[in-house]
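Structure first, then comments.
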Amino acid sequence: MGSTLLLVSIDRFIESLAAEKGYSAHTLRAYRHDLEELADYMAGAADDPKREGRRLTLKVGEVDAMQLRGYLAFLHSRNRKTTIARKLASIRSFFKHLQRLGQVRDNPTENVPTPKHGKPIPNYLSVDDMFRLLDAVVPEDLLGLRNRAILETLYSGGVRVSELAGLNVSDVDLRSGIMRVLGKGNKQRIVPIGEKAVGAIRAYRGALSEGHGEPLADDGALFLNKDLGRLTTRSIARVVDKFARACGLQMGVSPHALRHSFATHLLDAGADLRSVQELLGHRSLSTTQRYTHVSIDRLMAAYDKAHPRR
């Protein structure tokens with residue numbers, strides 16, 4: 001027991017996550033990176049010429065609780081607590097998998113505590129700043145129409161940037177004002193979008209078809225680059241950053257900040273937490289509850305300012 005090579009077990013674990021959990025390529029890369037970092041540590045110092053050969057012969061049974069505690073201490077000198085907690089979660093999942101297969105008897109992570117860390121309040125824009133950002137895009141040409149549609153859709157639907165990049169024309173029903181998005185774990189959900197976003201998408205796709213000289217395929221990507229290929233998440237992030245800078249926003253603005261703004265503004269306006277959870281595609285309500293901290297801070301500020309016996 002425990003004689004299987006560590007790197008072989010990592011490969012098989014990643015394959016099982018892809019097949020059984022349906023995790024995205026990005027998530028699988030993160031798991032692999034975390035586990036191979038552990039293998040590197042177990043193999044010894046980076047400047048050891050025998051390290052690579054040692055890494056290839058490591059066995060899963062060689063990782064014990066003492067070794068793991070040493071690894072976590074090593075991580076503390078160069079990583080934030082949130083990063084260490086994520087790496088430990090990857091290692092825990094890996095050894096639970098090995099236990100289920102009977103490849104290890106004991107799970108070395110069992111008595112290793114997760115580093116305590118406060119959950120950060122999500123970065124978000126005020127309503128005024130959000131409107132400034134949306135109005136910063138002047139749709140004078142096809143590129144402007146596309147960029148306006150991107151920003152309007154991100155904010156209107158509260159979708160992840162990967163979900164936006166993955167949208168096809170057939171996923172969006174402009175007549176009904178809804179779109180079908182593919183979220184984490186390949187789970188689909190239906191998301192409503194407002195009139196501003198619908199209008200922006202109509203204008204963009206209409207101009208795109210007109211410029212192309214003929215109607216475009218209904219099963220293609222919704223947002224396209226200049227070569228009529230699917231727009232990447234990185235390109236979408238650059239669009240958001242460009243216009244955030246153009247309208248003078250001091251904070252760093254990413255596509256995820258628009259998603260956070262969507263959730264915060266809904267909750268501030270009295271939306272039900274469960275409904276916002278469904279719209280965001282969160283598996284756990286506790287993830288959505290992070291946004292209530294923002295609203296509570298605002299309520300406390302209003303209370304301190306207005307209550308006669310504060």
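The values are calculated or read from the model by the stated rules, or taken from the named source; none is laboratory data. Keep in mind the model is a prediction, meaning the values are calculated, not measured. Every residue, glycine as well, gets a Cβ built from its backbone with ideal geometry; the counts of neighbours run over all protein chains shown.
Any residue in the stretch 104-120 that is surrounded by fewer than 15 Cβ atoms within 10 Å (Cβ to Cβ) and of a type in the set (S, T, N, Q)?
If we filter the stretch 104-120 for residues that are surrounded by fewer than 15 Cβ atoms within 10 Å (Cβ to Cβ), which is where we start, we get 105-106, 110-111, 113-114, 116-120.
Filter again for of a type in the set (S, T, N, Q), leaving 111, 114.
Yes, the stretch 104-120 contains a residue that is surrounded by fewer than 15 Cβ atoms within 10 Å (Cβ to Cβ) and of a type in the set (S, T, N, Q).
Comparison of 70, 102, 44 shows that the only residue that is modelled with pLDDT of 85 or more and on the phi > 0 side of the Ramachandran plot is 102.
Residue by residue, here is whether (1) among the aromatic types (Phe, Trp, Tyr); (2) farther than 20 Å from residue 157 by Cβ; (3) in contact with a Cys (Cβ under 8 Å, 6 or more places away or on another chain) holds:
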residue	(1), (2), (3)
193	no, no, no
197	no, no, no
204	yes, no, no
209	no, yes, no
220	no, no, no
226	no, yes, no
230	no, no, no
242	no, yes, no
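None of 161, 112 is more than 30 Å from residue 208 (Cβ to Cβ), of a type outside the set (Asp, Glu) and touching a helix residue (DSSP H, G or I) at 6+ places or on another chain (Cβ under 9 Å) except 112.
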